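To start, the structure under review is shown below, and the notes come after it.
The values are calculated or read from the model by the stated rules, or taken from the named source; none is laboratory data. These numbers were taken from a predicted model, which means no experiment stands behind them. Cβ sites come from the backbone with ideal geometry, for glycine too, and all protein chains shown count toward neighbours.
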Amino acid sequence: MTSSLNRVRYVIPSLLGLVVGAASASALVRPPYVDDQWLCRAQPLPAVVQHLTGEAWKLDTKGQLRLLQEGMTIDEKEGVKTSASAFVSLLLGDGSRVVLPSSSQVRLHMVEKQSIPQVILEQGQAEAYVIKRPSDHDRFQIVTPVGVLGVRGTHFRVRDDGEQSVLEVLDGQVAANRDIRKKPNEDEVKVGARQGLLFKKQGDLNAVTLLPAPKLVGQDGQKGDAPVWTLYVRPLPGAQRYRAQVATDQAFMNIKQENFSSEPKMSFTGLKASFYHVRLSAYDEHGLEGITGVYDIFYYPPATQAKASGG
């Protein structure tokens, strides 16, 4: 018992920054807890709005909307709703992150007894980066209209398509279960890295291999008051649609724009001259989004160059 208590004592200082950070943003601060491995853990909620692009709203416990701002906290039974051109990244107290693209809505919940955070997907899509845990119990769950996804540490995407939920695992493993009341390993399907799953209310659940990442083969632009930046990718066998995202950080927490196209090229407008990270992916015939390829590009629109040389 002495060695276990010593481990707790030495872990606590490393978590003080997370606890204090949460305290400065919210009046409600939950104390750290000791998990079943005798390690001291920071509470996952409240979450903090780390990055915001475009217009989004915070939903309070009664469903009332409030304009979202960076630094806001999202706590138990509160949520986030994004507009048609917005991106929001949430940082949980345990270090896990959730990114919401446009036209998405989630609500946060926590199973207090086990300190398990739940992201309830009510509309659209969520991308999660979950901190790995040594415990045998799930420490993160995404609840969809079809069922629950239990995670111990991974990078994955999930979205609601009405009659089904779509899951794509990029790293780690996700356990899919139709019944949230069931314990882990009961009637669950494990989906591994580079696999996807069409999560339906009925029928067999079978994981399939995701498409590889498309390769960027070139770029071009148009001059004018609103310069257009076009990216060209090599056609990928089996791809029905392509997606490109532009972010200012390598982790894609601060996404500025995204575009979809049935052709292997995508264009962006309104971006300033800067160093960007570009993420490319493709969708297969089932609507599953594949593996992403990331490129670092310094974008310098012709219009900006012309004005600079003329001055």
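Summary of computed values
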{"item": "Selected residue (only one of ALA251, ALA244, ALA282, ALA239 is part of a loop (DSSP other than H, G, I, E, B), under 24 Å from the mean Cα position of the chain (by Cα), crowded, with 18+ Cβ neighbours inside 10 Å and aliphatic (A, V, I, L, M))", "result": "ALA239"}
{"item": "Residue match in segment 167-180 (condition: hydrophobic (A, V, I, L, M, F, W, C), at pLDDT 85 or above and farther than 17 Å from LEU121 by Cα)", "result": "yes"}
{"item": "Exclusive hit being basic (Lys, Arg), touching a strand residue (DSSP E or B) at 6+ places or on another chain (Cβ under 9 Å) and at pLDDT below 95, set LYS223, LYS272, LYS215", "result": "LYS272"}
{"item": "Leading residue by the ranking (surrounded by the most Cβ atoms within 10 Å (Cβ to Cβ)) among those in segment 51-83 that are out of contact with any Ser or Thr (no Cβ under 8 Å at 6 or more places or on another chain) and among the basic types (Lys, Arg)", "result": "LYS58"}
{"item": "Of all residues in segment 201-234 being farther than 25 Å from VAL169 by Cα and of a type in the set (Asp, Glu), the one that is surrounded by the most Cβ atoms within 10 Å (Cβ to Cβ)", "result": "ASP220"}
{"item": "Flag for GLY21 being surrounded by fewer than 19 Cβ atoms within 10 Å (Cβ to Cβ) and at pLDDT 95 or above", "result": "no"}
{"item": "Filtered residues of segment 195-245 (kept if farther than 12 Å from ASP284 by Cβ, out of contact with any Leu (no Cβ under 9 Å at 6 or more places or on another chain) and touching a residue at least 40 places away in the same chain (Cβ under 8 Å))", "result": "LYS200, LYS201, GLY221, GLN222, LYS223, GLY224, ASP225, ALA226, VAL228"}
{"item": "Odd one out for ALA247, checked against (1) within 19 Å of GLN125 (Cα to Cα); (2) among the hydrophobic types (A, V, I, L, M, F, W, C); (3) not assigned by TED's automatic domain parsing to the domain that holds THR292", "result": "(3)"}
